[in-house]
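I have placed the structure first, in the form of structure tokens, so that the comments after it can refer back to it.
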Amino acid sequence: MKIKSAEFVVSNQEVAKCPNNNIPEYAFIGRSNVGKSSLINMLTERKSLAKTSGRPGKTQLINHFIINNNWYLVDLPGYGYARVSKSTKKVFQKFITAYFEKRTQLVSAFVLVDIRHKPQPIDLEFMQWLGENTIPFSIIFTKADKLKPKAIDTHIEDYKTILLETWEEMPNHFVTSASKKIGREELLDYIESINNQLSQH
Ligand code: GDP
């Protein structure tokens, strides 16, 4: 997919105020500092569409961007900083939960995880929660430039081992680097293929 246009639409904290139409949307979410803003900017080839390196605790908003006038890229707040807690409910702000539960326009979520780290409970819990709520998602491994190919494979295998304890198969996943522009085509083509399927119905 070629990115012809990428524009900010609206930020808000209430799902009810999100754009009220049937444009398909894809939500990007992950721990604070995972590289989400950098990835969004890399995908859209815009230097600062999403704000990078925001300090943890900055206003938590649901940000809608319209891409090529035909799909929404949704930048959700980072989770898992400061108030890390054993209770998932406390960690995932209520409105994020509400977003996933109520947003019928959501086609798929992308859960970002830093490829350098071992699988973290908070990310695994979140994926589990998405599964229980039948929300389709893919995993995006970020910062792949920081590891050698062999280490990348090992870290993905670690995820696979853990996820296969609860999932029948490894969720769809992408290996990316915002710095080196790795994974851009794959991710955009994936979104495009789903959009094409949707437009045929
Ligand atoms: P966010 O909080 O998830 O939006 O993360 P940011 O995009 O602000 O990135 C957090 C930090 O990770 C920043 O210092 C980025 O420069 C760095 N970073 C983000 N993506 C990459 C990447 O692909 N490779 C490397 N080496 N660093 C990255």
Which order do R184, R31 take by accessible area at a 1.4 Å probe, largest first? R31, R184
Dipole moment magnitude, nearest 20 debye, the chain about Cα centre, only Lys, Arg, Asp, Glu C-beta charged: 1000
Provide the gained length on full extension for the span R46 to D145, in nm with one decimal, where the gain is 0.36 nm per separating residue minus the Cα-Cα distance. 33.6 nm
Accessible area of F141, 1.4 Å probe, to the nearest 10 Å²? 0
Net charge near P171, counting Lys/Arg +1 and Asp/Glu -1 over other residues with Cβ under 12 Å of its Cβ? -2
Of all beta bridges DSSP finds with both residues in the chain, what is the antiparallel percent, to the nearest 5? 40
Which residue, I156, L49, T176, has the largest displacement toward the positive end of the dipole of the stretch 6-200 when charges sit on each Cβ (Lys, Arg +1; Asp, Glu -1)? L49
With all protein chains present and a 1.4 Å probe, how do H201, H64 order by accessible area, largest first? H201, H64
I'd like the accessible area for W167: 1.4 Å probe, protein heavy atoms, all chains in place, Å² to the nearest 10. 60
Which one, W167, Q60, L76, is farthest towards the positive end of the dipole of the chain when Lys and Arg carry +1 and Asp and Glu -1 on their Cβ? Q60
Surrounding net charge for R31, when Lys and Arg each add one and Asp and Glu each subtract one, Cβ distance under 10 Å: -1
Express the carbon and sulfur contribution to the solvent-accessible surface of the chain as a percent, rounded to the nearest whole number, probe 1.4 angstrom. 49
Can you give me the three principal axis dimensions of the stretch 1-49 from its C-alpha atoms, in Å, biggest first? 29, 29, 16
Expressed per residue, the solvent accessible area of the stretch 6-200 in Å² (1.4 Å probe) is about 52
Placing +1 on the Cβ of each Lys and Arg and -1 on the Cβ of each Asp and Glu in the chain, which of S108, Y26, S38 has its Cα farthest towards the positive end of the resulting dipole? S38
Give the accessible area for V9 in Å² (nearest 10); use a 1.4 Å probe, count only protein heavy atoms, and leave out ligands, DNA and RNA. 60
Scoring the chain by relative contact order with C-alpha pairs under 8 Å, at least six apart, yields a percentage of 23
For a quick protection proxy, order the peptides 174-182, 35-43 by their average other-Cβ count within 10 Å, most packed first. 35-43, 174-182
Taking every other residue with Cβ under 11 Å from the Cβ of F65 and scoring Lys and Arg +1, Asp and Glu -1, one gets -2
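The values are calculated or read from the model by the stated rules, or taken from the named source; none is laboratory data. Source: prediction; values computed, not measured. Cβ sites come from the backbone with ideal geometry, for glycine too, and all protein chains shown count toward neighbours. The protein model used for the area step is the full one, side chains on, heavy atoms only, and it has no ligands, DNA or RNA in it. Shrake-Rupley method; radii C 1.70, N 1.55, O 1.52, S 1.80 Å.
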